[in-house]
Amino acid sequence: MKDKYILGFESTCDETSVSIVRNGKDEIATIVLTQMDTHANYGGVVPEIASRMHVENISILIEKLFKDANMTIDEIDAVAVAYGPGLIGSLLVGLQAAKTVAFLYNKPLIPVHHIAGHIYANNLLKPMEFPLIALVISGGHTDIIYMKEDYSFKKIGGTLDDAVGEAYDKVARVLGLSYPGGPVIDELAHIGIDTYNLPVPKNDDSYDFSFSGIKSAVINLYHNEKQKGNEIIKENLAASFQNRVIEILTKKTIRALKEYNVSNLIIAGGVSANKGLRNEFIKLCQKEGIKLSIPDFKYCTDNAAMIAAAGYFAYKLGIIADLSLNAKATDNLY
Ligand code: KG4
Ligand code: ZN
């Protein structure tokens, strides 16, 4: 088959990103503009500011992308866009830009679920092997997904309340750490010791998760100690929190691999950048004879290369939208 070049758009939250990927695996050029520093002033993403910043930047990024890639829009085969889930105002900007390009240049428009994008970030590393289990851990998701083949997603477990990244961000906020909390807690955890007595969250036989309990436990512990005038050792609290989180994520994922008789594991989403988690999964997968794939750090958090990669596989299956495609703040992948 002739090479296919997919132009991807990602604007689900606070990253404006465009990318060109060949055949779902070769990244030609990508630009990711993060608004993190702006939102850090408010301790979290402010949706109205996020959508305004997407509007300001998206056209400039498209122009720069084609310069970087040394390509013209005519050479593109299709336009893939993350239509959801995410912040509605943010989503609309990327979607409108993608629709405009698709309409003006007469290109097929491919709707990509943001989580499918995170999963296919792994294909930018090496071709994904099936069947596989995907552990998707981000600011909005904590899902265990079984994939029998390309673009087949069966959810076998998910969070009942907070997503794991959300719990990281909320814990960090209470401890007075900067946004986003995940990387900061990860750093602290590495220099801390696991001394605080925290529960292993939803430590049961299901594949579901719950992180609001451990989040509240950390917050309560922090306030109680403060009221008593005791010093909180943030590094140790970070290490204790992170260890419990890693314990439950690894335990349930490894059990799913065994039950589904699958020997390929991929990890996806912003929290897959977590060093403690990566190390623990590498160790366990070696022990269990499981082939593990984790995206490069730059593909862990939101980017359009992953959307263009997933878009290629959707395109091959004929998943094409018309211009009535709408943004969806919530949407099931399964
Ligand atoms: O995938 P992503 O960029 O956006 C969503 O789709 O949500 O994930 C962002 C989340 C944030 O909650 C952030 O704190 C978390 O990923 N994160 C981390 C790390 N780096 C980013 N969490 C734990 N450890 C990290 N090193
Ligand atoms: Zn994401």
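The values are calculated or read from the model by the stated rules, or taken from the named source; none is laboratory data. Since this is a predicted model, take the numbers as computed values, not measurements. In this analysis, Cβ positions are derived from the backbone assuming ideal geometry, glycine residues included, and neighbour counts consider all displayed protein chains. Note: accessible area is taken over every heavy atom of the protein model, side chains too, but ligands, DNA and RNA are not part of it. Shrake-Rupley method; radii C 1.70, N 1.55, O 1.52, S 1.80 Å.
For the peptides 229-241, 118-130, what is the packing order when you average, over each peptide's residues, the other Cβ atoms within 10 Å and list the highest mean first?
118-130, 229-241
Past 27 Å, Cα to Cα: identify those pairs from Lys126/Lys283; Lys64/Lys291; Lys258/Lys283; Lys202/Lys328, in the order given.
Check vs 27 Å cut-off fails for Lys64/Lys291; Lys202/Lys328.
Among the lysines, which fall within straight-line cross-link reach of Lys226, defined as a Cα-Cα distance under 20 Å, with same-chain neighbours fewer than 8 residues apart omitted?
Filter leaves Lys170, Lys215, Lys234.
What percent antiparallel are the DSSP beta bridges of segment 128-294, to the nearest 5?
55
Tell me the per residue accessible area of the chain using a 1.4 Å probe; a whole number in Å² is fine.
43
How big is the chain along each principal axis, measuring the range of its Cα positions in Å and listing the largest first?
65, 46, 31
Over the chain, with every protein chain in place, what whole percent of the accessible area is carbon and sulfur at 1.4 Å, could you tell me?
51
So for the chain: antiparallel DSSP bridges make up what percent, rounded to the nearest 5?
Restricted to the chain, the bridges split so that about 60 percent are antiparallel.
Amide H of Gly84 versus every other amide H placed in the peptide plane: which residues, excluding those fewer than 5 positions away on the same chain, fall under 5 Å?
His114, Lys328
How much of the DSSP beta bridge set in segment 1-156 is antiparallel, as a percent to the nearest 5?
Antiparallel: roughly 70 percent of the beta bridges in segment 1-156.
Under 15 Å from the Cβ of Ile191, count the other residues' Cβ atoms, weight Lys and Arg +1, Asp and Glu -1, and hand me the total.
For residues surrounding Ile191, the net value is -2.
Binning at 10 angstrom from zero up to the longest distance, how are the C-alpha pair distances of segment 128-294 distributed in percent?
Pairs per bin, as whole percents: 11, 40, 32, 13, 3, 0.
Net charge near Ile233: determine it from the other residues with C-beta under 15 Å of the C-beta of Ile233, scoring Lys and Arg +1 and Asp and Glu -1.
-2
From the Cα gyration tensor of segment 216-333, with a ≥ b ≥ c the square roots of its eigenvalues, which class applies: rounded if a/c is under 1.5, or else prolate if a/b is larger than b/c, or else oblate?
oblate
State the three equivalent ellipsoid semi-axes of segment 90-135, derived from the C-alpha gyration tensor as the square roots of 5 times its eigenvalues, in descending order and whole Å.
Equivalent ellipsoid of segment 90-135: 28, 13, 8 Å, largest first.
So, counting K/R as plus one and D/E as minus one, what does the shell of residues with Cβ under 12 Å around Val101 add up to?
Once positives and negatives cancel, what remains is 0.
In what sequence, largest accessible area first, do Arg52, Arg278, Arg22 appear using a 1.4 Å probe?
Result, largest first: Arg52, Arg22, Arg278.
Given H placed on each backbone N at 1.01 Å, which residues far from Ser293 in sequence or on other chains put an amide H within less than 5 Å of it?
Counting only residues 5 or more places away or on other chains, the set is Leu265, Ile266, Ile267.
Show me the ranking of peptides 316-323, 72-79 by mean Cβ neighbours inside 10 Å, starting with the highest.
72-79, 316-323
Quick one: among Lys291, Lys226, Lys64, which has the greatest mean-square fluctuation in a GNM of the chain with alpha-carbon springs under 10 angstrom?
Greatest mean-square fluctuation among the candidates belongs to Lys226.
Which three semi-axes in whole Å describe the equivalent ellipsoid of segment 34-126, each the square root of 5 times a Cα gyration tensor eigenvalue, listed largest first?
Equivalent ellipsoid semi-axes, largest first: 24, 17, 14 Å.
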